[in-house]
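Colleague: After the structure tokens below, expect a handful of questions from me.
The values are calculated or read from the model by the stated rules, or taken from the named source; none is laboratory data. Note that the structure is a prediction, hence the values are computed from the model and not measured. Positions of Cβ are generated from backbone atoms using ideal geometry, with glycine treated the same way; all protein chains shown enter the neighbour counts. The accessibility values were calculated without ligands, DNA or RNA, using every heavy atom of the protein model including side chains. Shrake-Rupley method; radii C 1.70, N 1.55, O 1.52, S 1.80 Å.
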Amino acid sequence: MLDRTQPEQGLTSEDAAQLLEQDLAADDTVLAQEKGWRPLDWLRRAGQFFFALSFSSLTRRIVSLNLAGLVALVASILYLSQFRAGLIEARTQSLLVYAEIISEAIATSATAEGNTTTFDPDRLLDLKLGESVGTPDESADFPINPERVAPVLRRLIAPTKTRARIFDRDGGLILDSRNLFARGDVLRFELPPPSEKPSLFEKTKTAIKTWLNRGDLPIYRELGPEGGRGYPEVAQSLEGMKSSMVRVTERGAVVVSVAVPVQHFRAVRGALMLTTQGDDIDQLVTSERLAILKIGGVASAVMIVLSLLLASTIAGPVRRLADGAERVRRRIQTRVEIPDFTGRRDEIGHLSGALRDMTNALYSRIEAIEMFAADVAHELKNPLTSLRSAVETLPLARNENSRARLLAVIEHDVKRLDRLISDISDASRLDAELQRQDMAPVDLRRLLTTLVGVANETRLGHDVAVEARFEGRGPTDTFSVPGHDSRLGQVISNLLSNAQSFSKPGDKVRIVCRRTRGEIEIVVDDDGPGIGADALERIFERFYTDRPHQGFGQNSGLGLSISKQIIEAHGGRIWAENRLGPVDEDGQLTVAGARFVVRLPAL
């Protein structure tokens, strides 16, 4: 046999270590060549894999139940095999002891009378192993007379289901217990039973029985009266050794046979062969198989109960989740709740939580779309109503002055509609664009520097400067965040434009970028009038605007709403607050300006 623990020819331990480390991690190849194979590292990786696998309770349930059935089957097979082997071994030993007693009794209880041998049957039955009746002449001949032996053999064999045969020194059959009459010492030979064609059921039963019992056992065949030496155990017993054999008949019955020499003062005079009946051992094995079948029936019932339990813990909740998802699709009710299994710490609980979160997100998106459509309709209706009134009134104008004012109103409403439609279009496709694009690291230092430069150059019609300050770990800190640089730039531009529009000429807008507990914080301060207390929460609502210093319709009210939508899509937060100034004459804190704070998760 090959030694599997030895390395393959031509493959050194260093090469094996290199191949193993390449499988585990491609980056560790050089380290593997230097340090060689590390069993502890391999065991640690294997342990992590099996720990991750066993972490799933559903995996544990499925594996445990399947292994339980397999273990029960293997245990039953092993138990039956051990029982059968032990039964055969015990039967063989008992037959050997029984054969030695009969052989010794025949050899030691006989008295020579000329060329014949006689026995005292009553004395023979009282003998124990190794005892004898008298000491006959050692040189006396010991022919076996079947007429003298038959009554003794019948009395010893009749209580058992064992077949006994006596062979002479040449292997010829002298006596067979199967051919004895119930009365008398006359020999008879039984005719073979009439052959009948077995039915299909009997053939199937015999085939299964033979397959179960055969294994590697030889087939038992009856030999002729002169073929005693054809049995290996008889041939060995005629040489002075006891022997045993286990065979199986063509009908699948196990047969145990033993043979011991019949000796007279160490001179072998013949051989005694004892053979079990065909159904002797099979009946015991069959009873054990029936017992195992009963146990199997109980185990099957337990397995069915466990399977139903497993189905109730897996299939039942999954079916309820599927029904809930189907109701959500049909939307039978206004808002359908997915069954809550989040209390389970397994895949079903995770699936339930994911479906509930997904459903809530869908309902929130649907409600947001409905609210957005209602707000759009409301906002578009006002300029359209004004535009319609101006168009209907224009033919009725009596002078050029009235006609010019109406045309100015029409132009204002058209510009307002164009601005609304542009902002609405931008807001409507924002989510789709954020979902389609993959996030990438964004350098906020470079982004803010660029936007501040553009704001200082354009001023957007305001004489308000913008300055930026960075509070990081050093001048090389990039303040990186995951996101979309164009959309984050849109947010900063909206905040800067908003701060400039509320500031007085000559004021300054300040931007501060700093790190705070794993986040990047951007603060935009202005020196304007601040934000009203009632507007701090509504300022991010769609189409809300509070600009008393500007004319009506100059702003769509979507800038801050879009900014909040972008920041939340990046996993961040945005809010507004007032900067407090010094105390006035009445002892009240004054408002020094507005402040917008943006926080984004840092890389």
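Colleague: Per residue, how large is the accessible surface of the stretch 357-512? Use a 1.4 angstrom probe and give square angstrom.
Modeller: 60 Å²
Colleague: Considering only DSSP beta bridges with both partners in the stretch 458-520, what is the antiparallel share in %, to the nearest 5?
Modeller: Within the stretch 458-520, antiparallel bridges account for around 20 percent of the total.
Colleague: Summing +1 for each Lys or Arg and -1 for each Asp or Glu, what net charge is found among the other residues whose Cβ lies under 11 Å from the Cβ of Ile369?
Modeller: In short, -3.
Colleague: Could I ask something else about it? Taking a label point 7 Å from the Cα of Arg331 along the Cα→Cβ vector, which residues of the stretch 344-384 have an amide N closer than 17 Å to it?
Modeller: Taking a point 7 Å out along Cα→Cβ of Arg331, the residues of the stretch 344-384 whose backbone N falls under 17 Å are 358-375.
Colleague: With both bridge residues required to lie in the stretch 486-603, what share of the DSSP beta bridges run antiparallel, to the nearest 5%?
Modeller: That works out to approximately 100 percent antiparallel.
Colleague: Still on this structure, I have one more. Please compute the length gained on full extension between Trp575 and Arg398, using 0.36 nm multiplied by the number of residues separating them and subtracting their Cα-Cα distance.
Modeller: Separation in residues times 0.36 nm, less the Cα-Cα distance, equals 58.5 nm.
Colleague: Given a 1.4 Å probe, how much area per residue of the stretch 233-284 is accessible, in Å²?
Modeller: Details: 1920 Å² over 52 residues.
Ligands and nucleic acids excluded, the result is 37 Å² per residue.
Colleague: Using the Karplus equation 6.51 cos²θ - 1.76 cosθ + 1.60 (θ = phi - 60°), what ³J(HN,Hα) coupling, rounded to whole Hz, does each residue of the stretch 363-377 give in order, writing x for Gly and Pro?
Modeller: These are the phi-based 3J(HN,Hα) values: 5, 5, 5, 5, 5, 5, 5, 5, 5, 5, 5, 5, 5, 4, 4 Hz.
Colleague: Summing Lys, Arg as +1 and Asp, Glu as -1, what charge do residues with Cβ under 9 Å from the Cβ of Ser177 carry, Ser177 excluded?
Modeller: On the way: positive: Arg154, Arg163, Arg165, Arg178; negative: Asp176.
With Lys, Arg at +1 and Asp, Glu at -1, the net is +3.
Colleague: Would you kindly state how much longer the chain becomes between Glu226 and Asn179 on full extension, computed as 0.36 nm times their sequence separation minus their alpha carbon distance, in nm to one decimal?
Modeller: Net length gain for the segment: 15.3 nm.
Colleague: Which GluC sites (Glu not before Pro) in the stretch 313-354 pass both tests, a DSSP loop state and at most 16 other beta-carbon atoms within 10 Å?
Modeller: Values: sites: Glu326, Glu337, Glu347; in loops: Glu337.
For GluC sites (Glu not before Pro) across the stretch 313-354 that sit outside H, G, I, E and B with at most 16 neighbouring Cβ atoms in 10 Å, the list reads Glu337.
Colleague: Please label the shape of the stretch 434-473 as rounded, prolate or oblate, based on the square roots a ≥ b ≥ c of the eigenvalues of the alpha-carbon gyration tensor (a/c under 1.5 means rounded; beyond that, a/b larger than b/c means prolate, else oblate).
Modeller: In terms of gyration-tensor shape, oblate.
Colleague: Based on the mean of other beta carbon atoms within 10 Å per residue, what is the order of 290-298, 255-263, 156-164, most packed first?
Modeller: 255-263, 156-164, 290-298
Colleague: Kindly list the residues of the stretch 507-536 that lie in the label zone of Glu471, defined by a backbone N under 15 Å from the point 7 Å along the Cα-to-C-beta vector.
Modeller: Backbone N within reach: 510-525.
Colleague: If every alpha-carbon in the stretch 230-374 counts as one equal scatterer, what log10 I(q)/I(0) does Debye give at q = 0.09, 0.10, 0.21 1/Å?
Modeller: Computed log10 I(q)/I(0) values: -0.59, -0.63, -1.17.
Colleague: Separate question: For a quick check: with amide H placed at 1.01 Å from N, whose amide H comes under 5 Å from Gly240's, ignoring anything fewer than 5 positions away on the same chain?
Modeller: none
Colleague: Still on this structure, please answer the following. Quick one: divide the alpha-carbon radius of gyration of the stretch 411-511 by 2.2 N^0.38 Å and tell me what you get.
Modeller: 1.28
Colleague: In nm, to one decimal, how far is the modelled label at Asp357 from the one at Val391, with both set 7 Å along Cα→Cβ?
Modeller: 4.9 nm
Colleague: How long is the gain from Met303 to Ala267 if the chain were fully straight, where each residue apart is worth 0.36 nm and the alpha carbon distance is subtracted? Don't jump to the answer; show the numbers that get you there.
Modeller: Numbers: separation 36, 0.36 × 36 = 12.96 nm, distance 6.37 nm.
Here the answer is 6.6 nm.
Colleague: Taking the simple approach of a point 7 Å from Cα along Cα-to-Cβ for both Ile366 and Arg436, what is their distance in nm?
Modeller: 2.5 nm
Colleague: Also, quick follow-up: List the residues whose amide H sits under 5 Å from the amide H of Ala602, counting only those 5 or more places along or on another chain, with H placed 1.01 Å from N in the peptide plane.
Modeller: Amide H neighbours of Ala602: Glu519, Ile520.
Colleague: For the stretch 459-538, divide the Cα radius of gyration by the Kirkwood radius and give the resulting Rg/Rh value with two decimals. All intermediate terms of the calculation are to be shown ahead of the outcome.
Modeller: On the way: Rg = 14.3 Å, Rh = 14.2 Å.
A ratio of 1.00.
Colleague: For Asp323, what is the net charge nearby, where nearby means another residue's Cβ is under 15 Å from its Cβ and Lys, Arg count +1, Asp, Glu -1?
Modeller: +4
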